[in-house]
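The structure appears below as structure tokens.
Any read-out appearing in this document is the output of simple, stated calculations on the displayed coordinates, not a laboratory observation. As the structure is a prediction and not an experimental result, all values here were calculated from the model. FYI the Cβ positions are ideal-geometry reconstructions off the backbone, even for glycines, and counts take in every protein chain you see.
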Amino acid sequence: MVGKNNLKYSKKYFARHTDHYLKKDLSTIPSFVWIKNQLAVEKGDMVLDAGCGTGYLLNFVCGGKVRGVGIDISPAAIEKARQLFPKHHFLIGDINSLPFPAGSFNKIICFNVLEHLSQPEEAKKELWRVLKKGGILIAGTNIKNSLSWRIFKFLFGGDSTHQHEFSAREFVDFFASDFQILKVARRGCIARFPKPVNFWLNFFLRGDILVKMKK
């Protein structure tokens, strides 16, 4: 959730859009499981979650193996992340101007972030810069023309903070000019309903596009 205007990403925003993940077993959410398995965090890795929100995904993918770093422009999100997951390092900052030296991380997550930006190209440049040569970036977003996203907009009103939504092909192509694409997958991160309903909705709808890539 990193962008120029951090005021719109308030406690109320996260309560509406992501706090339900804090009450769920993240190992039942297909998109999160795919990210964790593909990132395959090991002891000694330097892991960044760029646009970490309240920190649940960083904590999940690290699996207790390393102390990860999360950055988000929202003070409300970072305050909560620090309270919930004190073993990780969280800081306030902008993905378009990351406060890290070049090549600081060998593994980076950027999930459901770029659609919030008016200039996602600037964020991509920064992700490239702070990723080590040979390092792995996993990025993901909701697919703008998917049935899953259309249902979400109908039931929950969508997300008014989105500025640049992607189709699946657009998202892959966005990275392909700069990174070596290793794997592409469609999964889902629906988690607002009872567990059996979430399972079947994620199985059939698969509204997220996920890309594993290498610098």
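The set of residues in the range 84-119 that are within 17 Å of the chain's Cα centre (by Cα) and basic (Lys, Arg) contains only Lys107. Within this structure, Ser118 passes the test of being out of contact with any Ser or Thr (no Cβ under 7 Å at 6 or more places or on another chain), of a type in the set (S, T, N, Q), closer than 28 Å to Ile143 by Cβ and not in a helix (DSSP H, G or I).
Number of residues in the range 33-55 that are in a helix (DSSP H, G or I) and surrounded by 24 or more Cβ atoms within 10 Å (Cβ to Cβ) equals 1.
Applying the criterion of being of a type in the set (A, V, I, L, M) and not in a strand (DSSP E or B) to the residues of the range 69-83, the residue that is farthest from the chain's Cα centre (by Cα) is Ala76. Scanning the range 94-115 for residues that are part of a helix (DSSP H, G or I) and either over 26 Å from Tyr21 (Cα atoms) or in contact with an Asp or Glu (Cβ under 7 Å, 6 or more places away or on another chain) (or both) yields Ile95, Asn96, Ser97, Glu115. The set of residues from the range 140-169 being over 24 Å from Asn37 (Cα atoms) and in a helix (DSSP H, G or I) comprises Leu147, Trp149, Arg150, Ile151, Phe152, Lys153, Phe154, Leu155, Phe156.
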